Amino acid sequence: MDLSGLERRLRALEDVEAIRALKARYLASADGKDPAGMRACFVDGPARIDFGAVGSFDRADPLVEVFRQIGCHDYMVEMHHGVNPQIELTGADTAKAHWGLHYQLINTRENSLTQLGAYYDDEYRRTAQGWKIEATRCVVTSLLVLSLAPDAVKAMVIGRMPAAVAESSAAAVAS
């Protein structure tokens with residue numbers, strides 16, 4: 001399909017906005033404990049998903065199952081904020097983006113607060129159902145874990161995410 005310059009620019013704006021809306025749906029699905037909504041954000045078939053200590057997956061379904069096991073609990077009060085998107089259309093039906101992430105978890109069972117900074121590097125593909133995530137990588141850059149005892153707040157972890165802390169934090173969130 002040969003588009004005029006104006007049509008190409010309009011389509012590019014619509015595509016970028018559709019990708020923003022897709023990422024917003026993904027983050028809202030995580031906050032809303034909505035595995036089906038999360039799954040709908042990914043392509044069917046092969047995908048490349050690397051969430052560090054949480055795991056790496058070659059399809060969306062195993063990621064969604066880990067989400068169901070680890071994150072879908074009433075005591076896990078989460079907020080995912082995707083910020084500063086840098087979205088680039090790389091072809092007529094492909095795109096990539098770099099997003100900042102501010103994440104907060106209040107764990108009412110463990111009486112803890114976790115805040116982390118991270119970034120996502122994503123790749124997208126236009127499908128018959130619209131834009132979908134084809135690849136994503138999340139890299140944690142900072143971490144703060146506080147114990148919320150009734151008589152005091154105690155810092156448990158502050159700073160960059162060393163490998164040993166990443167593993168123990170993932171295990172704590174998983175429990």
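The values are calculated or read from the model by the stated rules, or taken from the named source; none is laboratory data. Just so it is clear, the structure is predicted and the values come from calculations on it, not from any experiment. Methodologically, a virtual Cβ is constructed for each residue, glycine included, from the backbone with ideal geometry; neighbour enumeration extends over all protein chains shown.
Looking at residue 110, is it under 26 Å from residue 148 (Cα atoms) and out of contact with any strand residue (DSSP E or B) (no Cβ under 8 Å at 6 or more places or on another chain)? Can you show your working first?
Numbers: under 26 Å from residue 148 (Cα atoms): yes; out of contact with any strand residue (DSSP E or B) (no Cβ under 8 Å at 6 or more places or on another chain): yes.
The answer is yes for residue 110.
Could you list, in sequence order, the residues of the range 56-80 that are closer than 25 Å to residue 94 by Cα and not basic (Lys, Arg)? Talk me through it step by step, then tell me what you get.
Looking only at the range 56-80, we keep the residues that are closer than 25 Å to residue 94 by Cα, and these are 56-64, 80.
Within the range 56-80, 56, 57, 58, 60, 61, 62, 63, 64, 80 qualify.
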Members of the range 38-63 found to be more than 18 Å from residue 138 (Cβ to Cβ) and small (Gly, Ala, Ser), listed by number: 40, 45
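Here is a yes/no grid of residues against (1) of a type outside the set (Val, Ile, Thr); (2) at pLDDT below 95; (3) over 15 Å from the mean Cα position of the chain (by Cα):
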position: 3; (1), (2), (3): yes, yes, yes
position: 6; (1), (2), (3): yes, yes, yes
position: 13; (1), (2), (3): yes, no, yes
position: 27; (1), (2), (3): yes, no, no
position: 31; (1), (2), (3): yes, no, no
position: 37; (1), (2), (3): yes, no, no
position: 69; (1), (2), (3): yes, no, yes
position: 80; (1), (2), (3): yes, no, no
Restricting the range 114-141 to residues that are part of a strand (DSSP E or B) and of a type in the set (S, T, N, Q), the residue that is farthest from the chain's Cα centre (by Cα): 127
Any hit, the range 32-46, residues being in contact (Cβ under 8 Å) with a residue 24 or more places away in the chain, of a type in the set (Phe, Trp, Tyr) and in a helix (DSSP H, G or I): no
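May I ask you to list the residues in the range 47-68 that are over 21 Å from residue 123 (Cβ atoms) and either outside any helix (DSSP H, G or I) or touching a residue at least 40 places away in the same chain (Cβ under 8 Å) (or both)?
Taking the range 47-68 as the starting set, the residues that turn out to be over 21 Å from residue 123 (Cβ atoms) are 53, 65, 68.
Scanning the range 47-68 gives a single hit, 53.
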